[in-house]
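Presented below is the structure to which this report refers.
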Amino acid sequence: MSAQFPVARPRRLRRTAAMRRMVSGTRLHPAELVLPLFVKEGIDEPNPIGSMPGVFQHTRDSLRKAAHEAAEAGVGGLILFGVPAVKDARGSAADDPDGIIQQAVADVVADVGDALVVMTDTCLDEFTDHGHCGILTPGGEVDNDATLERYAAAAVSQARAGSQVIAPSGMMDGQVAAIRAALDADGFEQIPILAYSVKYASAFYGPFREAAECAPQFGDRNAYQQDAAGPVGEALREVRLDLDEGADGVMVKPALAYLDILRQVRDAVDVPVAAYQVSGEYAMIEAAAANGWIDRDRAIMESLVAIRRAGADMILTYWATEVAKKLQ
């Protein structure tokens, strides 16, 4: 730039709402939003999540209503999490053909599967009685390779129920390859995998663990999820490994605290990149707004624009339906 003030006046392009809209460099569209939904077995009414105002553990019927509302708003996709009535050490409900997640997937795909994309989270933490993301060794560590067999079985079961995208979130080494091989062997070569490739051991997951009833009963997940202060380049290494194993898209989770990582991933790959605006991000904005400390609507939109600007093609957000209606 050669011109300086008073010739150069950047405010000229910010004077009016119409001008700002015309030159906007970052735009949100409803089809870029993915709504996470929880469905719980054995309840008669939707159960509100105390730490996430406006979010519920759904019944199968209320889940269908929420899915219809999202589809009508133009939301691009849903990602489903199941909470079974009975949990055990191996997460048996994860691949039960009559399990709550399988029934919910079939319901939602039948209702709105042509209007939006129905995805399933593929992990074990919602299904194990110990709350960890895999099978445990006698010493209480997560057994990576034994867990891969369970992930593969769960993914095939979800695909058979109608899931249109499998999204493995457990951060096990080799999980994408195991799931891809199992899906292909069962005739599901057409089902894409959206890998949670960059998932940090984050304090921002607390409210989700209430919603999915999956808090670890001992220890933590630091041994398999990434360290926030981990080695430089670790995130991109994880992404490249997942792509080499057959991932069709990759995800960064959480979103706002890792916008720098999101940008690095976006610049490095030529597949769709998703970012998950996680439960803690949602809860902080809702809590601050409830106390009158921030403008709720502006904070929601500003946070989503930041994630989009950092490079996300898709944003998983609990505000998906609400924001999609506003964008219409």
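This table checks each residue for (1) within 23 Å of residue 250 (Cβ to Cβ); (2) under 18 Å from the mean Cα position of the chain (by Cα).
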{"position": "277", "(1), (2)": "yes, yes"}
{"position": "280", "(1), (2)": "yes, yes"}
{"position": "297", "(1), (2)": "no, no"}
{"position": "300", "(1), (2)": "no, yes"}
{"position": "303", "(1), (2)": "yes, yes"}
{"position": "307", "(1), (2)": "yes, yes"}
{"position": "311", "(1), (2)": "yes, yes"}
{"position": "317", "(1), (2)": "yes, yes"}
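Looking only at the range 95-146, which residues are within 22 Å of residue 164 (Cβ to Cβ) and without any contact (Cβ under 8 Å) to a residue 40 or more places away in the chain? Listed by number, the residues that qualify are 98, 114. The condition of being in a helix (DSSP H, G or I), in contact with a Leu (Cβ under 9 Å, 6 or more places away or on another chain) and of a type in the set (A, V, I, L, M) does not hold for residue 110. Of the candidates 301, 284, the single residue that is out of contact with any Gly (no Cβ under 8 Å at 6 or more places or on another chain), closer than 20 Å to residue 203 by Cβ and in a helix (DSSP H, G or I) is 284. Restrict the check to the range 79-88 and report whether at least one residue is open to solvent by 10 Å² or more (accessible area, probe 1.4 Å), not polar (S, T, N, Q) and not in a loop (DSSP other than H, G, I, E, B). Yes: the range 79-88 contains one or more residues that are open to solvent by 10 Å² or more (accessible area, probe 1.4 Å), not polar (S, T, N, Q) and not in a loop (DSSP other than H, G, I, E, B).
Residues checked against (1) among the charged types (D, E, K, R); (2) within 16 Å of residue 91 (Cα to Cα); (3) open to solvent by 20 Å² or more (accessible area, probe 1.4 Å):
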{"residue": "113", "(1), (2), (3)": "no, no, no"}
{"residue": "117", "(1), (2), (3)": "no, no, yes"}
{"residue": "141", "(1), (2), (3)": "yes, yes, yes"}
{"residue": "145", "(1), (2), (3)": "yes, yes, yes"}
{"residue": "160", "(1), (2), (3)": "yes, no, yes"}
{"residue": "164", "(1), (2), (3)": "no, no, yes"}
{"residue": "168", "(1), (2), (3)": "no, yes, no"}
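The single residue among 232, 142, 239 that is of a type in the set (Val, Ile, Thr) and in contact with a Leu (Cβ under 9 Å, 6 or more places away or on another chain) turns out to be 142.
Only one of the listed residues (51, 24) is on the phi < 0 side of the Ramachandran plot, surrounded by fewer than 20 Cβ atoms within 10 Å (Cβ to Cβ) and out of contact with any helix residue (DSSP H, G or I) (no Cβ under 7 Å at 6 or more places or on another chain). That residue is 24.
Of 183, 236, all but one fail to be of a type in the set (A, V, I, L, M, F, W, C), at pLDDT 95 or above and surrounded by fewer than 19 Cβ atoms within 10 Å (Cβ to Cβ); the exception is 236. Taking into account only those residues within the range 195-229 that are over 24 Å from residue 136 (Cβ atoms) and open to solvent by 10 Å² or more (accessible area, probe 1.4 Å), which is farthest from the chain's Cα centre (by Cα)? Checked the range 195-229; the qualifying residue farthest from the chain's Cα centre (by Cα) is 229.
The values are calculated or read from the model by the stated rules, or taken from the named source; none is laboratory data. Being a predicted model, the structure only gives us computed values, none of them experimental. Please note: Cβ atoms are built from the backbone with ideal geometry, for glycine as well, and neighbour counts cover all protein chains shown. Note: accessible area is taken over every heavy atom of the protein model, side chains too, but ligands, DNA and RNA are not part of it. Shrake-Rupley method; radii C 1.70, N 1.55, O 1.52, S 1.80 Å.
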